[in-house]
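Quick notes on the structure that follows.
The values are calculated or read from the model by the stated rules, or taken from the named source; none is laboratory data. The shown structure was predicted, so the numbers you read here are calculated from the model rather than taken from an experiment. Here the Cβ is made from the backbone with ideal geometry for all residues, glycine too, and neighbour counts use every protein chain on show. Ligands, DNA and RNA are excluded from the accessible area calculation, which covers all protein heavy atoms including side chains. Shrake-Rupley method; radii C 1.70, N 1.55, O 1.52, S 1.80 Å.
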Amino acid sequence: MAAMEIHFTLNGQPVAVQAEPDEMLLEVLRRELGLRSVRETCGLGICGACTALLNGQPISTCILLAPLAEGCEITTVEGLGGHHPVQRAFEEVQAFQCGYCTPGMILTIKALLEEEPEPDEETIRRALGGNLCRCGCYLKIVQAAQRAAALLAEERRPQPGPGAAPVS
Amino acid sequence: MARPIPAWLAPTSLEEALELRARYGEEATVVAGGTFVGILINQGLLQPTALLTLRQIAALTYLRVEDATASGKPLLRIGAMTTHRALERSPLVQRGWPVLASTFALVASPRVRNQATVGGVLADADYASDPPALLHALGASVVARSPHGQRLISVEELIIGHYETSLRPDELLTEIQVPGGIEGAIYRKFRSRSSEDRPCVAVAAVRREGRLRVTVGAVAERPQYFPEICALARGQASIEAELAREIGERYAAAIDPISDARGSSHYRRRVIAVEVRRALEELNRIIAARGGSQSHA
Amino acid sequence: MPEPGGNAHYTEPDPRVTGTIRYAQDVELPEMLYACVVRSPYAHARVLRVDTSALPVDVVALTPDDVRSLGLYGCQMKDQQVLAVERALYIGDPVAAVAAASPRAAREAAELIEVDYEELPAVFDAVEAMQPGAPLLHPDLAISENDAAYFGMRPEPQRNVCHHFRIRHGDIEQGFAEAEIIVEETYRTPSAQHVPMEPHACLARWTADGRLEVWTGTQTPFNLRMDLAGIFGLPQEGIRIIAPPMGGAFGSKTFVRYEAIVAGLARKAGRPVKLVLRRDEEWLTLNRHPATIHVKLGAKRDGTLVAKQVTCWANTGAYADCGPGVAQKMGFASPGPYRIPHVWVDSYCVYTNLPSNGAFRGYGATQAVWASERTMDLLAERLGLDPLELRLKNVLVDGDRYCTGEIMHDVHFADCLKAVAGQIGWQRGRRGKGLAVLLKGMQTPSRASIVVEANEDGSYTVHCATAEMGQGAWRAIRMLAAEQLGVPVERVHFPVPDTDIVPYDTRTTSSRSTYMMGRALVEAVRQLKENGELGYGECVNEGGLDPDTGQGIASTHWHQGAAAAEVHVDEETGKLEVVHLHTAIYAGRIVNPPAAQLQNEGSMIMGLGSALFEEITFADGQITNANLSDYNIPAADDLPRITYDLIERPGAEIHGLGETALPPVPAAIGNALFSLGIHVRDLPLTPERVLEASERRSVHSAASV
């Protein structure tokens, strides 16, 4: 029943999937690739629960026609491994309740911090404006973004020589 | 019973795309960034028989400035497949047309702006999008190509109704041209609800070569512009408070606003008068400060 | 960084951060089919014929004929069938359903079902629905046997009333005769959508031996089991409910939603069937009660309250759901936390041809507090008193009797009010500032039980029915158990609740779980320590109100809080900017500080949405904004400065915090507007309403010059 094969890189691995040309990437990621961190809420590109990174930039997979992913690099939160500084920051701050919006928030902040390593609070809020959290965790999510910026800055610092205490 | 699976047409050259566009005509839905098409499909409002994507045509993504045009003013040429984010983040645009960069940065979310294109937003002619009103006020034009040649259409003539353009079924919008020589420009987005909402009333005000252009968006089927009202400012070195108020009130009287979730017709009319006046007051300050421009959320 | 919640041991990353958490919508079974619901396009219509002849052979359809013989259900009134068999009662009422191999095939199949209707007159406003001659939705009504129907309902089906709750305290006529000042006003609050990020999702299958198994995002597994047993004529043990974590609920995932339809399809198909709602269908499933509330308040010139009469019309839509309970709680919250000798409350739960309205974070208090606290400021203005002083003069203190007759203990309303006034800078000037106070009951009576089991590897497992919807209850209960067992929290497991395993619990609502389960745990752990294997504990809170007088025990435990807001108004557009929002909530003893903070912040932010823009709009019963573009919810960039105090007291009980801060927020913002002379009666405070009200003020002041 599938009409075409689409090829892209998912979390660093090349994949080929079957999809119909008018299906959205979200459906394909969930059905064909079993990803569960991309989630539908609004179906309009408004809420950010379906966020993935396309060539490093956040997009709404719920309104991205699947064939448009052809040849692109797609990253979902499954590809961050669990200990990425943004994930660690979310965990430290406990910046989530139900967790449904969390992957989208993490990816949006990751992309933001790559562009602007030291954003002020207003920049963070603006960048997160299109990621809705109905539990209302925004205050802690902004704190998590600030904490993630600090963790990433630590990582960027020159590595200590042999024998030095590891940065925790 | 099952719906037919649409054809996916992915040309790699403009010539090939024009040939497919001419062959399929209205049968093929053109996909630029694809955000609007995606929403329509999700809502069950569109069941395409063919999808014609321009994504693979690298030649449609560019930002160039031509310095020596016939008018002696620079001209910004934007490839139709340039994304909102690329425009918003381009140093070229930020320097020469800052109002364009700051207004595109107000559209929806970074996600949508990473995907949506400048050509797409004009071809959709969505009444509540931010860019059409601004591009209209800036006096921008678009290049429409067909197998038979090309024509230049002003944004004013392009958007003719509710999600309706004057593009012909065999034409593709390939470029947007924004003239330079702007003395001052401002875009104000008035939201009546969430900061993430689309505008209830949008006002773009531009002065170029001594002439004022005020375009009001999100209040009617298409951007609203009244040259005879703007002519009140002709020959004025600055727009004084009283004139700003009068232009605002005349715009409010001239427009028959829609009612929707963002405000009733009656309310929108009230806000048009206020927001047009405020836009002109700001424009006046910008011009006084010599040729800056900005957009204001 | 301090370690959150005293968790000193970092192990595996949280599944919410890695995206590996599995919600109800992620549950899958081999061979399962996908469901789609066919809905009425009419607000009130006789269902004449449902024709499935155009369906492909591999599609299974559930039609009125399949469900006609099944039992009626409803958690409080037995007013609902699995599908609208005789009459459809709202636009969106399910009249049929299909199951097919993919979600897409199901959607396409649903469009092939033809239904003939005969349209009938409809009514949408609760006050109109009670008038003579209004169309009757349920001419015959029976009270449910479900545990959720515990409080003595007083239906009057001949005027569309499914419950009439009363408070009769003192002598209201004498009270108003004693009053020197009387203020009176009518308020309206709109319907609102919960907008859980995860839509309703459920999956059902029948086992070979005839048991029904349901995986569903639910806050009420045992109430659901009771109703499903009645529908399918099974003993309760013949049904198993498994309740995975939810991507938000806020009251929407309560009682029977789509589980009966999916179970009906699964039985007919002989295969598991799953349903995940489309976003627009959420608005057709359960919303918040729109309310009209009339308040008449009488006082002495010195501000002493003497009499209060309140009438509430809670619009419950086509089916009662837990509307009678909402109307009851709206009724007993509406007098406010004040000493008033003479109180008279009539709270009606009224059927209309709108989608059903039910539990929504705040549970009737949001509506009641809006009306009650706005009226306090009207009175303060009439008396020329500081609104804070007026409140402090009348607010309940320890040992006072509430209008239900019960004596109040552990009372902190004055502390909460003083705290918010201080933080908002009340003493520096009141212009643009407003405050509001709230009392909200907890589910009474109710019962919670818990089992704690020792495992061979030295870890423990807690079995309880508490639902996890983001509020952090599972973690809080694990932390309490760990504390009492003297082990790290990682050694306490909390499996997904399964009614085959966990003991009975009333439900996860009304911010009661941590409090009730925390108490049940003490006994369970004590027993476990005695026998080394297994402990069982339960907590029962007893009480209840006489439905005809409202006297008794409304709540064994009161949620208490206050909010203060500072606003700025663009006088030309009416656009309201909240500059600062502060709440003070009595928290007793906090178990998990980050979770408590998150619950309170989220509650405030949801209150902000209700105050400023959340409103479901209708045109002749048709919802006109059933999507997240036309219905806005608060975003990160919408927030004012948000601050709060969670007031703790050494040795105090645990207090639920899930919904205390929401109800006073709109009222505080409305009162802040009122301090500028702008009196808006109806929520939300849209720029259009504010502009209109500010012009009324200009007219008044022009007239008085």
Quiz item: Relative contact order for chain A: what is it in percent, counting Cα pairs under 8 Å that are at least 6 residues apart?
Solution: 21
Quiz item: Which value, in debye to the nearest 20, gives the size of the charge dipole of the stretch B:183-296 about its Cα centre, when Lys and Arg are +1 and Asp and Glu are -1 at the Cβ?
Solution: 200
Quiz item: Relative to the first principal axis of the alpha-carbon coordinates of chain B, what is the inclination of helix B:265-288, with its axis defined by its Cα atoms, in degrees from 0 to 90 and to the nearest 10?
Solution: 70
Practice problem: Mind jotting down the distance between the C-alpha centroids of the stretch C:641-667 and the stretch C:103-149, whole Å? | Solution: 38
Self-check item: Solvent-accessible surface ranking, highest first, for C:Arg401, C:Arg512, C:Arg431 at 1.4 angstrom
Solution: C:Arg431, C:Arg401, C:Arg512
Quiz item: Over its Cα atoms, what ratio of radius of gyration to 2.2 N^0.38 Å does chain C give?
Solution: 0.95
Quiz item: Per residue and in cubic angstrom, what volume does the convex hull of the Cα atoms of the stretch C:174-278 have?
Solution: 170
Quiz prompt | Helix-only mean residue ellipticity at 222 nm for chain A, each DSSP H run of n ≥ 4 adding -39500 (n - 2.57), per residue, nearest 500 | solution = -10000 deg cm²/dmol
Self-check item: Inter-site label distance for C:Asn531 and B:Glu157 at 7 Å from Cα along Cβ, in nm
Solution: 8.9
Quiz item: In whole Hz, what ³J(HN,Hα) sequence does the stretch C:491-503 give by Karplus (6.51, -1.76, 1.60; θ = phi - 60°), x for Gly and Pro?
Solution: 8, 10, 9, 9, x, 3, x, 9, 5, 6, 10, 7, x
Practice problem: Putting +1 on Lys and Arg Cβ atoms and -1 on Asp and Glu Cβ atoms, find which of A:Pro58, C:Gln551, C:Gly323 reaches farthest to the positive end of the dipole of the protein assembly as shown. | Solution: A:Pro58
Quiz item: How big is the antiparallel share of DSSP beta bridges in chain A, given as a percent to the nearest 5?
Solution: 90
Exercise. Using amide H atoms built 1.01 Å from N in the peptide plane, name the residues 5+ places from C:Gly92, or on other chains, whose amide H lies under 5 Å from its own.
Key: C:Ser40, C:Tyr42
Quiz item: Tell me, what does the Kirkwood hydrodynamic radius of the stretch A:4-79 come to in angstroms if you use every pair of distinct C-alpha atoms?
Solution: 11.9
Quiz prompt | For the stretch B:60-164: relative contact order, % (alpha-carbon pairs under 8 angstrom, 6 or more apart) | solution = 19
Exercise. Provide the solvent-accessible area of C:Asp398, counting protein heavy atoms only and rolling a 1.4 Å probe, rounded to the nearest 10 Å².
Key: 100
Self-check item: Cubic angstrom per residue, convex hull over Cα atoms of the stretch B:7-53
Solution: 62
Self-check item: Isotropically averaged projected area of the protein assembly as shown, using the convex hull of Cα atoms (one quarter of hull area), nm²
Solution: 48.5
Quiz item: Any idea of B:Tyr127's accessible area? Nearest 10 Å², probe 1.4 Å.
Solution: 40
Quiz item: Can you give the charge dipole size of the protein assembly as shown about its Cα centre, rounded to the nearest 20 debye, using +1 on the beta carbon of Lys and Arg and -1 on the beta carbon of Asp and Glu?
Solution: 1960
Quiz item: Going by the alpha-carbon gyration tensor, a ≥ b ≥ c the square roots of its eigenvalues, is the stretch A:81-156 rounded (a/c under 1.5) or, if a/c is not under 1.5, prolate (a/b greater than b/c) versus oblate?
Solution: oblate
Quiz item: Could you state the number of Å between the C-alpha centres of the stretch A:59-92 and the stretch C:172-217?
Solution: 36
Quiz item: Where the centre of each part is set by its Cα atoms, how far does the stretch C:313-367 sit from the stretch C:246-311, in angstrom?
Solution: 11
Quiz item: Over chain B, what is the relative contact order in whole percent, taking alpha-carbon pairs under 8 Å and six or more residues apart?
Solution: 16
Practice problem: Please give the FRET efficiency for C:Asp58 paired with B:Ala253, using the beta carbon to beta carbon distance and R0 = 51 Å, rounded to the nearest 0.05. | Solution: 0.25
Exercise. Using +1 at the Cβ of each Lys and Arg and -1 at the Cβ of each Asp and Glu in the protein assembly as shown, identify which of C:Thr304, B:Ala32, B:Leu283 lies farthest towards the dipole's positive end.
Key: B:Leu283
Quiz item: For chain C, what is the charge dipole size about the Cα centre, in debye to the nearest 20, if Lys and Arg each add +1 at the Cβ and Asp and Glu each add -1 at the Cβ?
Solution: 880
Quiz item: What does the accessible area per residue of the stretch B:183-296 come to in Å², with a 1.4 Å probe and no ligands, DNA or RNA counted?
Solution: 40
Self-check item: Signed unit charges on C-beta, dipole axis of chain C, positive-most listed residue C:Gly399, C:Val98, C:Leu137
Solution: C:Gly399
Quiz item: Cα convex hull of the stretch B:183-296: how many Å³ per residue?
Solution: 87
Quiz item: Counting pairs of Cα atoms in the stretch B:83-136, how many percent are more than 15 Å apart?
Solution: 39
